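The block underneath contains the structure these notes are about, expressed in structure tokens.
The values are calculated or read from the model by the stated rules, or taken from the named source; none is laboratory data. Bear in mind that the values here come from a model prediction, so they are computed numbers and not experimental data. Neighbour counts are summed over all protein chains in view; Cβ atoms, including those assigned to glycine, are modelled from backbone coordinates with ideal geometry. Accessible surface areas use protein heavy atoms only, side chains included; no ligands, DNA or RNA. Shrake-Rupley method; radii C 1.70, N 1.55, O 1.52, S 1.80 Å.
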Amino acid sequence: MIYASDLDRTLIYSLGALGVSEDSPGLIPAEVIDGRTVSYISEQALSMLKSLTASNSIIFMPVTTRTIQQYQRINLFQETVIPDYAITSNGGNILVNGVVDTSWRAAVGKLVESGSAAAEEVRVRVRSVVQEEWIISERYCDELFYTYVVHRDLLPLDEINQLAERLDSMGWKVSLQGRKLYVVPAAVNKSDAIIHVRRTVQSEPLVASGDSLLDKSLLESADYAISPCHGEIFAEQQSGLVQLKYPFTTQAGVFAADEIMQYVHMTYNNLALLGVGPE
């Protein structure tokens, strides 16, 4: 069985996303930069993840919008739970034992070039809507997509939605997650990357978890999926405009990961009873 999961606000949580005090019991540092903890994981969630990966019961794959460098600074996945495969850059890069799969990166680059407007053209369109005073920082990530850290309360959401519609016609997707506005080519997505790795490892079935609209393709490609009751996917469900087939946690914040890992364990155990899983 494969367990493919988004990281931030799904398994690990920054200080602003915890939903509880940083000194609450049951939290384990996941990412430490210059001696300062910048994200945590629930102790219970980590214990369950370690029990599955240590026994080779599952193939665990982080699937993140983080750049390669940002992923590699997460101590948890470099020192404690070390995956053979990791998908970064929203699917634009695949790491195999920590090394970039250059053939995959080249294939994605060709798809972006043929199916999406040029990056600079898209940047000009974004900056025509998103004013300078709304932006804290701008970054072109791994030569693939843009990330803007913004003053969320200043953004006119109607204009952002209209921008998303215009960019969609140009082959780019927009996702607003907290203070981050992502502008990503359609070919750079988590679903295509996980399908590629899934063929490579030849393991079935696939369980997935994630919280943002950039995770929707991942969850839709999975056999079993779960999402926390926070983030864009949950907001979309709550709006009543869509009815999603997968369950949501009852807890928001860092301890939603406990319920996510309980779901993964339950799914694995049920499949084992049916004789589905590793030999």
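Both radii are taken from the alpha-carbon atoms of the range 12-59; with Rh as the Kirkwood radius, Rg/Rh is 1.05. Counting only protein heavy atoms and a probe of 1.4 Å, the accessible surface of the chain is 49% carbon and sulfur.
Using a 1.4 angstrom probe, figure out how much accessible area the chain has per residue, in square angstrom, rounded to the nearest whole.
Values: 12820 Å² over 279 residues.
I get 46 Å² per residue for the chain.
The order of the peptides 83-96, 259-272 by mean Cβ neighbours within 10 Å, most packed first, is 83-96, 259-272. When the helices of the chain are scored as -39500 (n - 2.57) per DSSP H run of n ≥ 4 and the total is divided over every residue, the value at 222 nm lands at -10500 deg cm²/dmol. A Förster radius of 45 Å, combined with the Cβ-Cβ distance separating VAL149 from LEU273, puts the computed FRET efficiency at roughly 0.45. Sequence-distant contacts, meaning Cα pairs under 8 Å at least 6 residues apart, place the relative contact order of the chain at 22 percent. A quarter of the convex hull surface defined by the alpha-carbon atoms of the range 171-228 gives 4.2 nm² as the mean projection. Only Cα pairs under 8 Å and at least 6 apart count here; give the relative contact order of the range 66-193 as a rounded whole percent. Computed over the range 66-193, the figure is 26 percent.
At a 10 angstrom cut-off on C-beta neighbours, averaged per residue, how do the peptides 242-254, 34-46 rank from highest to lowest?
Highest-to-lowest ranking by the protection proxy: 34-46, 242-254.
Take every DSSP beta bridge whose two residues both sit in the chain; close to 70 percent of them are antiparallel.
Determine the dipole magnitude for the chain: charges of +1 sit on the beta-carbon of Lys and Arg, -1 on that of Asp and Glu, nothing else is charged, the reference point is the Cα centre, and the result goes in debye to the nearest 20. Roughly 340 debye for the chain. Both radii are taken from the alpha-carbon atoms of the range 116-184; with Rh as the Kirkwood radius, Rg/Rh is 0.91. Rounded, prolate or oblate: which fits the range 135-279, taking a ≥ b ≥ c as square roots of the Cα gyration tensor eigenvalues, rounded meaning a/c under 1.5, else prolate when a/b beats b/c? Note, shape of the range 135-279 comes out prolate. Based on alpha-carbon centroids, what's the gap between the range 104-174 and the range 187-247 in Å, whole number please? What the calculation gives is 22 Å, centre to centre. Residues whose amide H lies under 5 Å from that of ALA30, counting only those 5 or more places away or on a different chain, are SER39, TYR40, ILE41; hydrogens are built 1.01 Å from N in the peptide plane.
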